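First comes the structure, then the notes that go with it.
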Amino acid sequence: MMKTPDATLQRFQSPAVRQSAELDELVRQAVFGGPEEREQGRWLIWEIGQRAGVRPASIHELYLARGRGEVRPFTTPAMNIRVLAYDSARAVFRAAKRLDVGALICEIARSEIGYTEQRPAEYVAVMTAAALREGFTGPLFIQGDHVQVNAKKYATDPETELQAIRTLIEEELHAGFYNIDVDTSTLVDLSQPALDQQQRVNYERAAELTKFIREREPRGVTASVGAEIGEVGGKNSDVHELKAFMDGYLRSLARLGRLTGISKISVQTGTSHGGVVLPDGSIAKVQLDLEALKALSADAREQYGLGGAVQHGASTLPADAFGHFPKCEAIEIHLATNFQNIVFDHPKLPADVRREVNEWVKAECKDEWKKGDTEEQFIYKSRKKAIGPFKRRLWDMPADVRSAIGADLEKTFAFLFEQLRVTDTRTFIDRYVKPPLQSHERPRAMVTAAPDDLEAGE
């Protein structure tokens, strides 16, 4: 007889079962099953995680403790797990468990949700399952990265664009994203003469979205909300812009009620998402303004009580750059492209898969091929769009291929954890982060099943 959901939950109380191929099958169901199978698989993974101590959580209290100087400097890696998500996340949690890392974030941006075909509920299920599979326990920080307002759409129809942002935030909160990076920095108007005027639309919309989050976050959870003062790839930020944003944001938030504000602030210090690609496909060296980052992070803590400043677009920096971020006391760093590159450029990636991905990119993304770009530049910039269409194909690669890729990812994650000084941060997490037990309602198909089906044992 097939196991009922309740019997399955009981079976997965065993750590040995959670760390076996049985969980692999459950997460595959949660990703690739039919609509009802997916819902059931995601519900089961959530409930298994809740009982095993792998619970989505907010990093808000830890960041405020850092702002008060109660914990040592570290820079939390916020890692965009785009491609081969389950295997990549398993590599994250293997390294984290071995190095006693508690301060780490798995995230996905608004734009990535689309082209990777990973809605929030699926993403939470995969990250939770990966942690369970590797025997990692403790709070799970899952983040909505760049919940970003599209400036062109906002200029044409601001309410429709803001409603799209609100809808996504609701979906993310319901799924277990208790860390939300609101990005209204696209609305900064540098043509205005005064800093307050330049930042006004940015800080007013950020305050309104903070209120929206506070009204919808689950009971017992204070979501970590981030804001941004400088769009990545644009003008470098400075402390005067930070002051203009924060003063305006706090005024706007006070007008909206007695609300808890942001815990961190994202800034621009010279990086770009994905790096600058040279004609041969390599990445240009970045001129990173570390002094600006240090000054911004210090002001964010000392003047406004935040955890510090956040660095975006950093995964393609040279290896010797990462140790600078905790020295500058940046609270968080966002990393994405290099993990994708490790998968797509891995020597074990089957030649036919590599060829098919490249051919798909040339056929389906040709409108994005900028005049003057070489084929290498074009494929490097556009191959992320193949992640969704090739999700199952990559998931179905031979186990030895996925294992080899996972091993190299694990080395990369471990290196970053050490450089960013988040090893042995589990003790801080245990002190400041106490995620409540939250059971989700059973999916409709399970609720409407015959009572005997739900109550019967194996």
### Query
Tyr154 fails exactly one of the following numbered conditions: (1) among the aromatic types (Phe, Trp, Tyr); (2) surrounded by fewer than 21 Cβ atoms within 10 Å (Cβ to Cβ); (3) in contact with a strand residue (DSSP E or B) (Cβ under 6 Å, 6 or more places away or on another chain). What is the number of that condition?
(3)
### Query
What pairs can you find where one residue is in the range 397-418 and touching a residue at least 24 places away in the same chain (Cβ under 8 Å) and over 13 Å from Ile342 (Cβ atoms), the other is assigned to a helix (DSSP H, G or I) and among the β-branched types (Val, Ile, Thr), and their Cβ atoms are less than 8 Å apart, with a gap of 6+ or different chains?
Met397/Val353
### Query
Yes or no: Glu217 part of a helix (DSSP H, G or I) and either within 28 Å of Pro435 (Cα to Cα) or modelled with pLDDT of 95 or more (or both)?
no
### Query
Out of the range 94-112, which residues are surrounded by fewer than 21 Cβ atoms within 10 Å (Cβ to Cβ), of a type outside the set (Gly, Ala, Ser) and free of Cβ contacts under 8 Å to residues at least 40 places away in the same chain?
Lys97
### Selected residue (criterion: farthest from Cys106 (Cα to Cα)) from residues of the range 160-182 that are hydrophobic (A, V, I, L, M, F, W, C) and part of a helix (DSSP H, G or I)
Leu162
#### Entry: Residue that is nearest to the chain's Cα centre (by Cα) [pool: residues in the range 175-194 that are of a type in the set (A, V, I, L, M, F, W, C) and surrounded by fewer than 20 Cβ atoms within 10 Å (Cβ to Cβ)]
Leu190
### Query
Residues in the range 183-206: is at least one touching a Lys or Arg at 6+ places or on another chain (Cβ under 6 Å) and assigned to a helix (DSSP H, G or I)?
no
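Of these, Glu410, Glu418, which one is surrounded by 13 or more Cβ atoms within 10 Å (Cβ to Cβ), out of contact with any Leu (no Cβ under 9 Å at 6 or more places or on another chain) and either polar (S, T, N, Q) or within 30 Å of Arg55 (Cβ to Cβ) (or both)?
The match here is Glu410.
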### Message
Are there helices (runs of 4 or more DSSP H) fully within the range 15-72 with at least 1 residues that are of a type in the set (S, T, N, Q)? List them.
### Response
21-32, 35-52
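Take Gln199 and decide whether it is over 24 Å from Pro120 (Cα atoms) and touching a residue at least 40 places away in the same chain (Cβ under 8 Å). Even if it seems obvious, please write down each step before you answer.
Details: over 24 Å from Pro120 (Cα atoms): yes; touching a residue at least 40 places away in the same chain (Cβ under 8 Å): yes.
Criteria met by Gln199.
The values are calculated or read from the model by the stated rules, or taken from the named source; none is laboratory data. A quick note: this is a predicted structure, and the numbers were derived from the prediction, not measured. Here Cβ is always computed from backbone atoms with ideal geometry, including for glycine, and neighbour counts include all displayed protein chains.
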